[in-house]
Amino acid sequence: MSKALPKRSENYSEWYNEIVKRADLAENSAVRGCMVIKPYGYAIWEKMQRALDDMFKATGHQNAYFPLFVPKSFLEKEEEHAEGFAKECAVVTHYRLMSNPNGKGLVVDPSAKLEEELIVRPTSETVIWNTYKGWIQSWRDLPILVNQWCNVVRWEMRTRLFLRTAEFLWQEGHTAHATEQEAMDETHQMLGIYAEFAEGWMAMPVVQGIKTPSERFAGAVETFCIEAMMQDGKALQSGTSHFLGQNFAKSFDVKFVNKENQLEFAWATSWGLSTRMMGALVMAHSDDNGLVLPPKLAPIQVVIIPIYKTPEDLATISEKVNPIFEELKAAGVSVKYDDSDHQRSGWKFAEYELRGVPIRLGLGMRDLENGTVEVARRDNLTKESQPIEGIVQHVKLLLDEIQENIYNRALKFREENTFIVDTWDDFKAQIEKGGFIMAHWDGTAETEAKIKEETKATIRCIPLLSDEMAGKCVYTGNESAKRVVFARAY
RNA sequence: CGGGGCGUAGCACAGCCUGGUAGUGCGCUCGGUUUGGGACCGAGAGGCCGCAAGUUCGAAUCUUGCCGCCCCGACCA
């Protein structure tokens, strides 16, 4: 393993891959397109899960679990949904193997063909709405506010660690409501939770908006999303919340009796956020020294490293470190004291930087004499000597400051790389340089497709928050009600 | 499925053109010297050179076939 990482500015995608591997987040598996999430990477994912789960529970949602397999007939029921997912499904056709009659190994037992093929879920709307049919009879049964944490499979042609894998982990929420308004409110609420998670926990600013019809989730009436900017200026869709109208209720015949004693189809939403966020986390903050983690998601927030020559020195330092360690732990800080003797301190400095640990405390004999500790920040790579007295309070404040600092840095980057563009020539020139382009669009799928074809830029979203200033489409010159966000995307 | 590239130690690669003892760096093991930013020296362990057939006295190297992987497109969160 070489020591230096590739430079972010020179080869962004190689830099990304190296960080994912060397920070010990994940690796490619022997199974095509699938990924092994390693313990350190999974620990970050668990922190994400916890944060989201708390927000879901606080808004009245409950967790449940639905089957991995979707009968093909389920998937067929909602036409657009079927069409959207058909091309990327793993299909189970048999349920048994047998030893090869002509030699070694195993073959599929032809007599074990399934009457109906099973699809490994690419998403669970169909199984869940088939189930909801049995749960919903009256307006009193509504709303149903359910989330599940699970894995899904989408057989992508080309994959990248975290950003696009054949199998990925996510949460998918599926709610049923008595009224259109209530379902729409839920859709917005969950989008808000995703935005709060991205900004408050991941320290990653996002644009909230609506997808254009061509980018909409298959089977949805309206798709809302959060879009983030990565450090190469490309966009990453980071979470989606769909208003499904009555589409799935109609496909699965889910009716209830309303307060007026009339039969009505239920209103639905679904919303999801995946391990792709791990990729976003890497690409949003990291630098040429490795991963940079926001303190709120860091499995280790503070690492303490002793600097010593002899075992006696180490014992003396450890004696001083122990109370600090205990006090930090008691203050709710996740702290590690690395007194392992098989690596030198310099090696440890580099290693914990690579892994994105927000704060490093270094203690050597010199510090013991002076009653100080060296405090190193991962976000800006600065070091300062601090009195040991009051260090716990200092660390707690510093963790908050780092969280805020990396958010502000990412926000500043996005602002500096967001451009208001009014002419087609400017558009073509700017898209090559990266970033978000705020431009007018005439609202037609044709124009959207042509722009994509000529520049590889897609409409990331129609922002929810914007000044509603009318103008002329950057491509056709036709009327436009407001600017939309264009970018190249992952 | 189209275009390009690569399969040699755990990892990254050289050797192949011009056939003749299997190499280098990192990592690993042991010993010593070191230790405030990824230490140094010495000794070791580790190979069906992707698989199969062919040519040859002799193949990592030449020929043919197969298999696998990566990159660029199409697909997509």
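So the values come out like this:
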{"quantity": "Residues satisfying the stated conditions in the range A:169-211, i.e. touching a Pro at 6+ places or on another chain (Cβ under 8 Å), over 30 Å from A:E446 (Cβ atoms) and assigned to a strand (DSSP E or B)", "calculated": "A:T175, A:A176, A:H177"}
{"quantity": "Selection from the range A:287-328 of residues that are more than 36 Å from the chain's Cα centre (by Cα) and not in a helix (DSSP H, G or I)", "calculated": "A:I307, A:Y308, A:K309, A:T310"}
{"quantity": "Failed item, numbered, when A:E76 is tested on (1) surrounded by 13 or more Cβ atoms within 10 Å (Cβ to Cβ); (2) under 22 Å from the mean Cα position of the chain (by Cα); (3) without any contact (Cβ under 8 Å) to a residue 12 or more places away in the chain", "calculated": "(2)"}
{"quantity": "Enumeration of residues in the range A:363-382 that are touching a residue at least 12 places away in the same chain (Cβ under 8 Å) and within 33 Å of the chain's Cα centre (by Cα)", "calculated": "A:V375, A:A376, A:R377, A:R378, A:D379, A:N380, A:L381"}
{"quantity": "Hey, A:D400 part of a helix (DSSP H, G or I) and surrounded by 15 or more Cβ atoms within 10 Å (Cβ to Cβ) or not", "calculated": "no"}
{"quantity": "Contacts under 6 angstrom Cβ, first residue in the range A:16-45 being farther than 21 Å from A:K234 by Cβ, partner of a type in the set (G, A, S) and in a helix (DSSP H, G or I), 6 or more apart", "calculated": "none"}
{"quantity": "Residue match in the range A:357-373 (condition: within 30 Å of A:M204 (Cβ to Cβ), of a type outside the set (V, I, T), out of contact with any Lys or Arg (no Cβ under 7 Å at 6 or more places or on another chain) and assigned to a loop (DSSP other than H, G, I, E, B))", "calculated": "no"}
{"quantity": "Selection count where residues are in contact with a strand residue (DSSP E or B) (Cβ under 6 Å, 6 or more places away or on another chain) and closer than 30 Å to A:T159 by Cβ, scope the range A:464-490", "calculated": "6"}
{"quantity": "Identity of the residue in the range A:99-119, at pLDDT 85 or above and small (G, A, S), that ends up surrounded by the fewest Cβ atoms within 10 Å (Cβ to Cβ)", "calculated": "A:S111"}
{"quantity": "In the range A:137-152, residue farthest from RNA strand B (Cβ to nearest atom) [restricted to those that are more than 25 Å from A:K47 (Cβ to Cβ) and surrounded by 14 or more Cβ atoms within 10 Å (Cβ to Cβ)]", "calculated": "A:W139"}
{"quantity": "Positions within the range A:308-335 being within 27 Å of A:L297 (Cβ to Cβ) and either surrounded by 15 or more Cβ atoms within 10 Å (Cβ to Cβ) or in contact (Cβ under 8 Å) with a residue 60 or more places away in the chain (or both), in sequence order", "calculated": "A:V321, A:I324, A:F325, A:E327, A:L328, A:A331, A:V333, A:S334, A:V335"}
{"quantity": "Which numbered condition A:Q231 fails, given (1) within 14 Å of RNA strand B (Cβ to nearest atom); (2) modelled with pLDDT under 95; (3) surrounded by 19 or more Cβ atoms within 10 Å (Cβ to Cβ); (4) not in a strand (DSSP E or B)", "calculated": "(1)"}
{"quantity": "Odd one out for A:R96 among (1) at pLDDT below 95; (2) within 30 Å of A:S334 (Cβ to Cβ)", "calculated": "(2)"}
{"quantity": "Scope the range A:451-490; condition part of a strand (DSSP E or B), of a type in the set (K, R) and under 13 Å from A:F427 (Cβ atoms); matching residues", "calculated": "A:K472, A:R483"}
{"quantity": "Hits in the range A:212-228 (condition: in a strand (DSSP E or B) and closer than 18 Å to A:K456 by Cα)", "calculated": "A:E227, A:A228"}
{"quantity": "Among residues of the range A:9-55, those that are farther than 16 Å from A:L293 by Cβ, assigned to a loop (DSSP other than H, G, I, E, B) and more than 14 Å from RNA strand B (Cβ to nearest atom), counted", "calculated": "2"}
{"quantity": "Filtered residue count, the range A:361-377, keeping only those that are more than 6 Å from RNA strand B (Cβ to nearest atom) and more than 18 Å from A:V392 (Cβ to Cβ)", "calculated": "2"}
{"quantity": "Filter pass, A:T165 being surrounded by fewer than 22 Cβ atoms within 10 Å (Cβ to Cβ), hydroxyl-bearing (S, T, Y) and within 8 Å of RNA strand B (Cβ to nearest atom)", "calculated": "no"}
{"quantity": "Subset of the range A:378-392 [within 10 Å of RNA strand B (Cβ to nearest atom) and either among the β-branched types (V, I, T) or farther than 24 Å from A:P294 by Cβ (or both)]", "calculated": "A:T382, A:S385"}
{"quantity": "Subset of the range A:274-307 that is closer than 21 Å to A:S345 by Cα and modelled with pLDDT under 95 - its residue that is farthest from RNA strand B (Cβ to nearest atom)", "calculated": "A:D288"}
{"quantity": "Residue match in the range A:428-444 (condition: among the polar types (S, T, N, Q), at pLDDT below 95, surrounded by 17 or more Cβ atoms within 10 Å (Cβ to Cβ) and part of a helix (DSSP H, G or I))", "calculated": "yes"}
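The values are calculated or read from the model by the stated rules, or taken from the named source; none is laboratory data. Please read these numbers as outputs of a predicted model, since none were measured by experiment. All Cβ positions, glycine included, derive from the backbone under ideal geometry; neighbour counts span all protein chains shown.
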